[in-house]
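The values are calculated or read from the model by the stated rules, or taken from the named source; none is laboratory data. Note that the coordinates shown come from a computational prediction; the quantities given were computed from them, not determined experimentally. When we count neighbours, we look across all protein chains shown, and the Cβ atoms used for this are built from the backbone with ideal geometry, even at glycine.
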Amino acid sequence: MARIRLKLLGGFTAQRADGTAIMLPTRKTEALLAVLACRPGEKRQREWLMALLWGDRGDVQARHSLNQALTSIRRACDGTLLLVTERDGVTLDGATVEIDVAELRRQAGSGSLAALRAAAALYRGPLLDGLRLREAGFEEWLGQERRELHDLTTALLVDLAEQEAAGGDREAAAAVLDRALALDPLNEALHRRVIRLHLDDGAYNAAIRHSRQCAELLKRELATVPEPATTALHRQALAALAKAPVLARPTAPVESAPCPAAAADAPAESAGLPAERRRPSIAVMPFGGAGPGLARDELADGLAHDIICRLAKLRSLFVIARGSVFALGERGIGAEEAGRLLKVDYVVSGSVRRQGNGIAVIIELAETATGTIIWTDALHRKVDDTLMILDELGNRIVAAIAGEIEQAERNRAVLKPPSSLDAWEAYHRGLWHMYRFNAADNDEAHHFFAMAARLDPTFARAYAGLSFTHFQNAFLFRRHERGPESDRAFETAGQGLIIDDRDPGVHWAMGRALWLRGRPDQALVELDTAVDLSPNFALGHYQLAFVQCQTGDPRAAIASAD
């Protein structure tokens, strides 16, 4: 029967058989006992122990410190801990000591369900969590041991999950896989096991949700997109969901939250790093000239702030934060100079003035490189409700800015040789062709969207564009079979959602694809999501009106069209 219990996982604790704590005098003494206990029965060379824990001391002093520490361990353990000391080495006899690390290794090697459960329960955290020594040798040893135990525990959790699932306890299997992912959240193979478990249980929504979370995590932490083995599961989840019977329309966009693989025609990644996408940048300067009766620039500042927030939601522009532009405004720096200082492509400026019981807003959008004003307008409104005025003006201004910038980017891309285009320019070249609505230009649009996706596989809008070209082939042009083109529209929109499910454009593309496949309820969920993400996304409102009209909801269709 064990006379001493050592727990090294999740922190260091030592207890006698009766449960009373064993107190060691120093952290290095604890570390020495832990080093010996990690491999009970194995002789540890004295020279190695000295270098590990007292590497900054001379041989004589290090040897003295080691002997003192060994004596302290014996004294604290009342002589019940069997330390075998020899001239050249030290061994911990594990016969009378219960050590969680040794027990974990033993149980994991058994492979039985009971043993794996026991081993999983032993892992309470990293080896010697919280123990820090200013000894390079010890820290290196600790890192290696932690990695080995981490990998061992992850592997045994995977084995345990498989056995739990095979035994019919799916909930236990899911809980074990959650533990494994907590240990190794970037392990894509583990994510695949979770997705597979959901698929086997018929939980297609859960599979899709997890696929999306996996893709977001890989993109954020590793700057990668899911492997083919993972995206194949995405396809399977989507196919199963598409065949499932349509029930009541869901209240959240879960039922149609797709995460498929790259479509068959989606371009393969290049061997090197993807070309950087050049998203245009914009600064919205504070508006001047608030009239009497208002706090200091209250209405003007509110309108500028509202425009900044709405532009950022479009996801197609890099928008300078409010604090930066307002700081320049407070220093009296004008729009043209601010644009140069901030190194942005476009600058928005304007003024807000009180005129009787109304206000007048003068707004202009300028291209920084040339100083050319590419859009300007004067808007007049009565001041009945300040919040409603801000909302209406913000909608009008943001929609106009987004449209003018997109037009400018398309025109610029058309003038460049195709071989010189980056991902952003190739995408806008595709838009130029896409909006011409004929079969030949639709093919050209497909070519340039595919180029954009090849140059930057993390560019969600490129896949939304590909989806639109397949939608056009199925809906407008009779050269292609409707079924396969509908499937491709669905798959490429889903790939865009894998990459960025906060982009309203890819939800719009998915909404169109779902409608094409005869899933209007799910299409409306996606389209609602698109306009929720970006209230100024005009195409989203238009497509909502279209689907609402087709499904027999004229009041909703008129509201969306308005």
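For this structure, a couple of remarks:
- Residues of segment 173-192 that are assigned to a helix (DSSP H, G or I) and closer than 23 Å to Ala223 by Cβ: Leu181, Ala182, Leu183, Glu188, Ala189, Leu190, His191, Arg192.
- Of the residues screened, Arg512 is not one that is of a type in the set (Lys, Arg), modelled with pLDDT under 90 and either buried (at least 24 other Cβ atoms within 10 Å of the Cβ) or within 26 Å of the chain's Cα centre (by Cα) (or both).
- Count of segment 446-459 residues which are assigned to a helix (DSSP H, G or I) and surrounded by 24 or more Cβ atoms within 10 Å (Cβ to Cβ): 4
- Summed over segment 422-439, the residues that are basic (Lys, Arg) and surrounded by fewer than 19 Cβ atoms within 10 Å (Cβ to Cβ) give a count of 1.
- Test result for Thr29, modelled with pLDDT under 95 and part of a helix (DSSP H, G or I): yes
- Qualifying residue in segment 57-80 (condition: of a type outside the set (Lys, Arg), closer than 21 Å to Arg147 by Cβ and in contact with a Gly (Cβ under 9 Å, 6 or more places away or on another chain)): no
- When restricted to residues that are farther than 19 Å from Val398 by Cα and touching a strand residue (DSSP E or B) at 6+ places or on another chain (Cβ under 9 Å), segment 315-340 contains 6.
- Of all residues in segment 150-164, those that are in a helix (DSSP H, G or I) have Cβ atoms under 8 Å from Cβ atoms of residues that are surrounded by fewer than 17 Cβ atoms within 10 Å (Cβ to Cβ) and among the polar types (S, T, N, Q), 6 or more apart or on another chain, in Thr154/Asn187.
- Residue within segment 512-520 that is touching a Pro at 6+ places or on another chain (Cβ under 8 Å) and among the charged types (D, E, K, R) present: no
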